[in-house]
1. Within the range 120-135, identify whether any single residue is more than 18 Å from SER78 (Cα to Cα), more than 23 Å from the chain's Cα centre (by Cα) and not polar (S, T, N, Q), and answer yes or no.
2. Has the range 136-148 got any residue that is open to solvent by 20 Å² or more (accessible area, probe 1.4 Å), at negative phi and among the small types (Gly, Ala, Ser)?
3. Sort out which residues of the range 171-198 are farther than 12 Å from LEU47 by Cα, touching a residue at least 24 places away in the same chain (Cβ under 8 Å) and polar (S, T, N, Q), and write them in order of number.
4. Between a residue in the range 57-85 that is assigned to a loop (DSSP other than H, G, I, E, B) and any residue that is at pLDDT 80 or above and open to solvent by less than 10 Å² (accessible area, probe 1.4 Å), which pairs come within a Cβ distance under 8 Å, given they are 6 or more apart or on different chains?
5. Of the residues that make up the range 113-135, is at least one open to solvent by less than 60 Å² (accessible area, probe 1.4 Å), aliphatic (A, V, I, L, M) and within 28 Å of ILE367 (Cβ to Cβ)?
6. What number of residues in the range 409-419 are at pLDDT 85 or above and either within 28 Å of the chain's Cα centre (by Cα) or open to solvent by 60 Å² or more (accessible area, probe 1.4 Å) (or both)?
Amino acid sequence: MYASREDIGYDFGEDSKVGSKPIKPNPNIDRGWAWMIVLSSFLVHILIMGSQMALGILNMEWLEEFNQSRGLTAWVSSLSMGITLIVGPFIGLFISMCGCRTTAIFGGILNALGWILSAYASNVHYLFLTFGVTAGIGSGMVYLPAVVMVGQYFQKRRALAQGLSTTGTGFGAFLMTALLKYLCTEFGWRNAMFIQGAISLNLCVCGALMRPLSPKDLREKNVVRSDSEEDRAKALSHSTETIKSNGVLSEEPDKKEEAANEEVLGSVQHIEIGGKSGSGRSMYGLRILKTVSQLTVTVRKGFALWYSSYFGAASLFTNRVFVAFIIWALFAYSSFVIPFIHLPEIVKQYNLSRQDNVFPLTSIIAIVHIFGKVILGIISDLPCISTWNVFLMANFTLVTCILTLPLMQTYVGLAVVCALIGFSSGYFSLMPVVTEDLVGTKHLANAYGIIICANGISALFGPPFAGWIYDITQKYDFSFYIAGLLYMVGIIFLLIQPCIQKKQPREKSTEEAQA
């Protein structure tokens, strides 16, 4: 059954503007250079997420080199993974001011620098700063633009494109694990990190491929989206009346900001025209002034968009469904990470190490996860299927698997549950699509930055929390049960908020009719 944006409480934002004239399809939307953007994002996921999935190889080397506790050493990997996601809202500011391409190129340089400096580490605390913080921030500066650019370049095939690009995580886990294992064996872990830093410079190439769409192209994309959704026409006709009540990001501040910016540039151009009769040195100074003014306008406009998204009167947090989405993200990611970390211990506890060595359960999750992203993306792009419904069904399947996994005590039973976990967790590729539907393309960078920040908090504290529960109970069962129940709370928020938001306009219209 198809569910439109209004059925789940979606806001329309700038997508509510429907042009009266037929627009010629942009050759780069859903085709052409859009597939180069998918390739760029795919490589980013291999180099960043794949490398982070393979940090267990380096973790063993660090334990042997520095002779620190497992808990302290594990924080190096946790910081790198957590900070990559937690810095999302601040990376949104960079994207608003500098664009995705510049942000990604700078992030690639910073990530490579973090790997190279870590090769000279003298203790674990040094790695906290160089690898956990420096490389983590650099990874975040590349990861968010890679996701946002795919959302900008695709309309009809958004879910499939995101699914294909994020499969790089699974491929990267295999490739980077094998690569780091080989490099550490042949050259030692220090030289391995130095070489990996050089490889990470390819992130700058990925960033260079992120050619920005012009504002005109983005407007055409939004018009095409609106025109292709005939069943939403009635909702669009009255969406302007419900903008303030539903918390849609207003565009009036943007218009005022643009007017002020044009006034600044206009004054500079007027001075430049008046000074044409002056000396060459004066003209050179005026050109510098114009460049600085244009840069100032860009920074002001980007900061204004970022600030209004988070703290303005019409911020993203006035959208109740989006707030529920954030609460869900706080609990969701740890439920996916915990099995990866604690499955080896469960296998050892049930004396299944021999079968697991032949085909590890974590490998089953990783392999099926790749197919899950692509298949769920294809299903979500079908015209008769709602992305929101696919997203919810995948979440229900995953939370059921998390709760039932401790009950499986045979290898076959664990393998089946792990396969379901891998497939259902493919909904990660739908997260940018759902976020874009909630807030629109214009605010995707800031909104998705908040979502991955919540995921980062979950990834940072979830596994240590599970370990703490094990220290108290001496069983991993309760870790999965508590994580599953918290995950269920997040899903319930996703279910009840759209119902509340859908009910409120009806009550308001009834009151107006009585008046």
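The values are calculated or read from the model by the stated rules, or taken from the named source; none is laboratory data. Given the structure is predicted, the values throughout are model-derived calculations rather than measurements. FYI the Cβ positions are ideal-geometry reconstructions off the backbone, even for glycines, and counts take in every protein chain you see. Side chains are part of the model used for accessible areas, which takes the heavy atoms of the whole protein and leaves out ligands, DNA and RNA. Shrake-Rupley method; radii C 1.70, N 1.55, O 1.52, S 1.80 Å.
1. yes
2. Within the range 136-148, none of the residues are open to solvent by 20 Å² or more (accessible area, probe 1.4 Å), at negative phi and among the small types (Gly, Ala, Ser).
3. Across the range 171-198, the qualifying residue is only ASN191.
4. GLN68/TRP62; GLN68/VAL124
5. So far as the range 113-135 goes, yes, one or more of its residues are open to solvent by less than 60 Å² (accessible area, probe 1.4 Å), aliphatic (A, V, I, L, M) and within 28 Å of ILE367 (Cβ to Cβ).
6. Counting residues in the range 409-419 that are at pLDDT 85 or above and either within 28 Å of the chain's Cα centre (by Cα) or open to solvent by 60 Å² or more (accessible area, probe 1.4 Å) (or both) gives 6.
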